[in-house]
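K.L.:
Before anything else, here's the structure in question.
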């Protein structure tokens, strides 16, 4: 189990390297420099800023620096290797592994990307937690109930709800729910900044909307998995032993039905992260997703790059957690690997 | 469609042959009616039983007509600003206000936007972008993903390993994030400006998703290539090319079609999201533009002005919701009809 866990954690590294490389490569293709403003900065300032943040260095590798050091009498291969990699790409990558995502260009370098992430992410995390709690606490019970009362009115309601939730993207349902709330209940999506401190009711609506898709998936999977276990021999045995209905459902059916449900949590993590970008923008939540959209508007390339890498890391780690959770739920998987 | 419907219409025991649940008393008629049925006929029969799937398909066919006949259906030019006659933020036709410039008028069924453009006409034209942005990336994804998957699955080895590693990474990099990075990086380049960014959008939406199809096809091939009929083909001297095109590809078409049906709504939603974020298509200002606006762009404008004119947001949002629902229904129907392994899931 430990070896399996270790292997999964190590696999996160190449994933992050690949994502960082692709975003770095693409972002460097974008026209316009980081210091482009509506009023052009004086060339001397631009040069000074470039020097300060190492943007005057070559993009991929720095053979010029190696030649210079060699002439100066440097023979230490490690120092020469460092000189060779004294480029924007390698400096950025080394920074990523130290947790340093560089300065945010929109703030003219006064704030680093990781500082902004640390400042904005808690709001996103809280919305994500509400979404996940909603998805699990509503999705699983509804799935169980609708499987136990198959073809009842409640079952049809749950099926319709989950079909809508899976098919309609949170982007559209978020807007429609916002429209409905503003028109029917005079709900104002614009809230005071203080509403987003702590853990107030401001998080409720964005969280629920964000979790709607995942909830529907969980509902669907729980229902079909429960229907499948219903027909299994061990359930019949449990009933034949004279166990009560609730004991059979809780101990025999639900635990086995949870295995396919755990598989959704991986894609759900990706869904919640990308969904938060849109939902936070719609509901004006001051989280990382909302800030990400603002930096898109400002063409703050380092912020966009840093957030993308952070999100990819988050999703990769969530996938590791999901893989581990299979083992915890189902001992058969633990031993077979 | 006509061939199958005439076949089922002729004998009176069509339900007996279709479901074969209750034994028919008339054996002679039963055997006489048994015409040879291909996999596709069977699949169509199965698909037809799913009412939601048929409704979804009908809606999509309807949308194709709307997209093609947009100039005839739209009541006004979708690009031309006409504040003088149309009025700013005119309300929907059934809403009356005191101001004659903003009160509902049936010549502008859903009202007008801030520059006096008819929302209904824009919605009609928006169908075009949603459909091509869904279908063209799907075709590209299939054209790249299927061959790669077939070759990787059949040949194995290095190519196969590379493919699996690439897809592993793609799985970790959420598609939407990648789309955003792509659109920002290339949106302002010369390439990103071709056709108002439509070409870039096609590339963006297909550049990573082919890996999923390749992986799916590879899995199919790995399972199929051990089958007896493939072995028989090989024993009778068929080459790799013949085995792949005649045996492996046709037998993996079912899951491919199902996957394709789910790629399309994904691409449509992605376009809408990107346009909502302001990094999708560029607005086309030419009066005779074939693709003047998309639902995503309409949602973006509507989300700023929905308090003044609710249909600016409501109409395109409902349009996106309905088209994704239709594709989901069709996709579910196709899965039940073509993917025998997941038959129980319904």
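The numbers here are math on the coordinates, done by the rules we state, and not lab data. Predicted, not measured: the structure shown is a model, and the values here were computed from it. When we count neighbours, we look across all protein chains shown, and the Cβ atoms used for this are built from the backbone with ideal geometry, even at glycine.
K.L.:
Remind me, relative contact order of chain B in percent, using alpha carbon pairs under 8 angstrom and six or more residues apart?
P.N.:
Here the relative contact order equals 21 percent.
K.L.:
Please work out the Kirkwood hydrodynamic radius for chain B, using every pair of different C-alpha atoms, and report it in angstroms with one decimal place.
P.N.:
23.2
K.L.:
Give, in nm to one decimal, the length gained when the segment between residue B:287 and residue B:94 is fully stretched (0.36 nm per residue of separation minus the Cα-Cα distance).
P.N.:
On the way: separation 193, 0.36 × 193 = 69.48 nm, distance 2.85 nm.
Extra length from residue B:287 to residue B:94 when fully extended: 66.6 nm.
K.L.:
Also, quick follow-up: May I ask for the distance between the Cα centers of segment A:37-84 and segment A:180-222, given as a whole number of Å?
P.N.:
So the separation of the two Cα centres works out to 48 Å.
K.L.:
A further question follows. Over all directions, average the projected area of the Cα convex hull of the protein assembly as shown and note it in nm².
P.N.:
Hull-based average projected area comes out at 41.4 nm².
K.L.:
Angle between the Cα long axis of helix B:119-155 and the longest principal axis of chain B, 0 to 90 degrees, nearest 10?
P.N.:
30
K.L.:
Now for a different question. Got the relative contact order for chain A handy, in percent, Cα pairs under 8 Å and 6 or more residues apart?
P.N.:
About 24 percent, as a whole number.
K.L.:
For the Cα atoms of chain B, what angle does the longest principal axis make with the long axis of helix B:311-338, in degrees from 0 to 90, nearest 10?
P.N.:
0
K.L.:
Cα centroid distance between segment B:236-293 and segment A:109-174, in Å?
P.N.:
For segment B:236-293 versus segment A:109-174, the Cα centre distance is 28 Å.
K.L.:
When ranked by the protection proxy of mean other Cβ atoms within 10 Å per residue, highest first, what sequence do the peptides A:322-329, A:267-274, A:93-100 form?
P.N.:
Highest to lowest by the protection proxy: A:267-274, A:322-329, A:93-100.
K.L.:
For segment A:46-116, how big is the tail of P(r) above 21 Å, as a whole percent of Cα pairs?
P.N.:
Summing the P(r) of segment A:46-116 above 21 Å gives 34 percent of all pairs.
K.L.:
How far is helix B:175-186 tilted, in degrees, relative to the longest principal axis of the Cα atoms in chain B, given as a value from 0 to 90 rounded to the nearest 10?
P.N.:
Helix B:175-186 sits at roughly 60 degrees to that axis.
K.L.:
In segment B:165-249, what is the volume of the convex hull around the alpha carbon atoms, normalised per residue and reported in Å³? Don't jump to the answer; show the numbers that get you there.
P.N.:
Working: hull volume 10.0 nm³, N = 85.
About 118 Å³ per residue, rounded to a whole number.
K.L.:
Sticking with this structure for a sec: Rounded to the nearest 0.05, what FRET efficiency do residue B:229 and residue A:243 have when you use their Cβ-Cβ distance and R0 = 45 Å? Could the numbers behind the result be given before it?
P.N.:
Numbers: r = 48 Å, r/R0 = 1.07.
In this case the efficiency is close to 0.40.
K.L.:
Considering every pair of different Cα atoms, what Kirkwood radius, in Å, is found for segment B:264-346?
P.N.:
14.5
K.L.:
Hey, another quick one. Label residue A:81 and residue B:75 with points 7 Å out from Cα along Cα→Cβ: what is the distance between them in nm?
P.N.:
With each label placed 7 Å out from Cα toward Cβ, I get 7.3 nm.
K.L.:
More than 24 Å apart: what percent of Cα pairs in segment B:74-209 qualify?
P.N.:
Looking at segment B:74-209, the distances longer than 24 Å represent 55 percent of pairs.
K.L.:
Using Cα-Cα distances under 8 Å and only pairs 6 or more residues apart, what relative contact order does segment A:64-165 have, in percent?
P.N.:
On the way: 45 pairs, mean separation 11.2, N = 102.
With pairs under 8 Å counted, the relative contact order is 11 percent.
K.L.:
Assuming R0 = 30 Å, can you tell me the calculated FRET efficiency for the pair residue A:28 and residue B:304, based on Cβ-Cβ distance, to the nearest 0.05?
P.N.:
Working from the Cβ atoms, E equals 0.40.
K.L.:
Set the Förster distance to 25 Å, then compute FRET efficiency between residue A:41 and residue B:190 from the Cβ-Cβ distance, nearest 0.05.
P.N.:
The pair residue A:41/residue B:190 has a calculated efficiency of 0.45.
K.L.:
What share of all Cα pairs of chain A, in percent, falls into each consecutive 20 Å distance bin?
P.N.:
24, 46, 23, 6, 0
K.L.:
Per residue of the protein assembly as shown, what 222 nm ellipticity follows from adding -39500 (n - 2.57) for every DSSP H run with n ≥ 4, rounded to the nearest 500? Walk me through the numbers before you get to the answer.
P.N.:
Numbers: 31 runs with 468 residues, N = 683.
About -22500 deg cm²/dmol.
K.L.:
Would you mind computing, in nm to one decimal, how far apart the modelled labels at residue B:203 and residue A:51 are, each placed 7 Å from Cα along Cα→Cβ?
P.N.:
Label-label distance for residue B:203 and residue A:51, simple model: 3.7 nm.
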